[in-house]
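Step one of this worksheet: look at the structure below.
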Amino acid sequence: MSEFSHRVVIAVFPEVDLLDVTGPAEVFTLANRESGGRARYEVRLAGPGRAGEAVATSAGVRLVTDVGFADVGTGVDTLLVPGAVDPHADGPQPRIDRHVVDWIKDTAPHARRIASVCVGAHLLAAAGLLDGRAATTHWSTAARLAADHPEVTVDPDPIFIRSGRVWTGAGISACLDLALALVAEDHGEDLALAVARHLVVYLKRQGGQSQFSVPLSRPPASRRDIDELRRYIADHLDADLSAATLAARMCLSERHFARVFTQETGTTPAAYVEALRVEAARRLLETTDQPLDGIAENTGLGSVETLHRAFRRQIATSPAAYRRRFRTTTP
């Protein structure tokens, strides 16, 4: 019987994102260490050439493969597919290597589970493994994934998504969250938490959490005064942020202000303010013991009833349910 029960095969190929490979590998290795060897992960790097060949990553660091694609065989527990972008393209452009795609098609049926990291989801989609499934990827290429593969339900927001035995993860550092979730599935959350502590990261930044905050999800406005107002809103969530008050601050009529703000941000003033307040409430639910009425007051939502309604509109859950799932501190 093999010393290892979880054979993790990570694909490597030219221009692969370095952290997509080394991040999960470190998580699995630390799981072995933190469990006293009981986790029994074996991480193997597989590349298009022969074993021992060096593959240049996007960071310029070269990785040496343990096995060639042709010699991986059938004993794969977890097939992990990182991503690569074309460094010469205008904007983020996932690289689709047909040789890699064909190898994924051949190998996936023999793996217990398959996971992609970042734009590796584009490779899984090209191999037909995401058809009829929900999936995520780096937010900057999500629209491209949806356009190229309409049979895939693409959600650009979550950190990761599990659909049966197929997992897809969001961009770059989310590879750690995904790998921790795989460890938790195999060995329970106590071991995953021990690994997360060693890495000095949150364990419970789970799949349903957003890849980015409200300010990051909105592009900079072309008008400097609108960007300044957005900073003011973020810093004064417990103040009166009604459209009338914000319009007066901008020295504009309320109607003209609403039109300009929506044109610059893609959303109405009221919706933008509510989204920021809900985001602030989410952080407090994750990290404090504050009661709901205190959170509602501190974030400008005013009452527990308003807090509940805003959560239902923004993230389709209740504050209490969100806290139970994503709490990162011990009461």
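The values are calculated or read from the model by the stated rules, or taken from the named source; none is laboratory data. The model shown is predicted, which means the values in this text are computed figures rather than measured ones. Ideal geometry is used to build each Cβ from the backbone, glycine not excepted, and the neighbour counts take in all protein chains shown. The accessibility values were calculated without ligands, DNA or RNA, using every heavy atom of the protein model including side chains. Shrake-Rupley method; radii C 1.70, N 1.55, O 1.52, S 1.80 Å.
Which order do you get for Arg112, Arg62 if you rank them by accessible area with a 1.4 Å probe, largest at the top?
Largest to smallest exposure gives the sequence Arg62, Arg112.
Let's test the formula: R0 of 25 Å, r as the Cβ-Cβ distance of Thr287 and His198. What FRET efficiency results, to the nearest 0.05? All intermediate terms of the calculation are to be shown ahead of the outcome.
On the way: r = 20 Å, r/R0 = 0.82.
The value I calculate is 0.75.
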Treating only Lys and Arg (+1) and Asp and Glu (-1) as charged, each at its beta carbon, one finds that region 22-124 has a dipole about its Cα centre, in Debye to the nearest 20, of 280 debye
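With a sphere of radius 12 Å drawn around the Cβ of Ala270, what net charge do the other residues whose Cβ falls strictly inside it have (Lys, Arg +1; Asp, Glu -1)? Walk me through the numbers before you get to the answer.
On the way: positive: Arg277, Arg313; negative: Glu254, Glu274.
After counting each charged neighbour, the total is 0.
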Gap separating the Cα centres of region 139-183 and region 304-323, nearest whole Å: 24 Å
How big is the antiparallel share of DSSP beta bridges in the chain, given as a percent to the nearest 5? 30 percent
Simple label model, 7 Å out from Cα along Cβ direction - Asp71 to His236, nm: 6.7 nm
Assign unit charges at the C-beta atoms only (+1 for Lys and Arg, -1 for Asp and Glu), then state the dipole size of the chain relative to its Cα centre in Debye, rounded to the nearest 20. 460 debye
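Considering Cα pairs under 8 angstrom that are at least six residues apart, work out the relative contact order of the chain and quote it in whole percent.
Numbers: 579 pairs, mean separation 39.2, N = 331.
For the chain, the relative contact order is 12 percent.
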Checked against the structure, the computed Kirkwood radius over Cα pairs in Å among (1) 24.1; (2) 20.2; (3) 21.7 is the one labelled (3)
With a 1.4 angstrom probe the carbon and sulfur portion of accessible area for the chain, in percent, totals 50 percent
Scan around Val16 for amide H atoms under 5 Å from its own, H built in the peptide plane at 1.01 Å from N, and keep only partners 5 or more places away or cross-chain. Ser58
Can you sort His110, His88 by solvent-accessible area, 1.4 Å probe, largest first? His88, His110
What is the packing order of peptides 262-272, 151-161, taking the mean over residues of other C-beta atoms within 10 Å and listing the highest first? 151-161, 262-272
5 angstrom amide H check on Trp167, placed H, neighbours 5+ away: Ile114, Ala115, Ser116
Residues listed by number, region 224-243, amide nitrogen under 15 Å from Gln263 label point at 7 Å toward C-beta: 224-227
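Residues of the chain: accessible area per residue at 1.4 Å, in Å²? Please report the intermediate quantities before stating the final value.
Values: 15540 Å² over 331 residues.
Counting only protein heavy atoms, the per-residue value for the chain is 47 Å².
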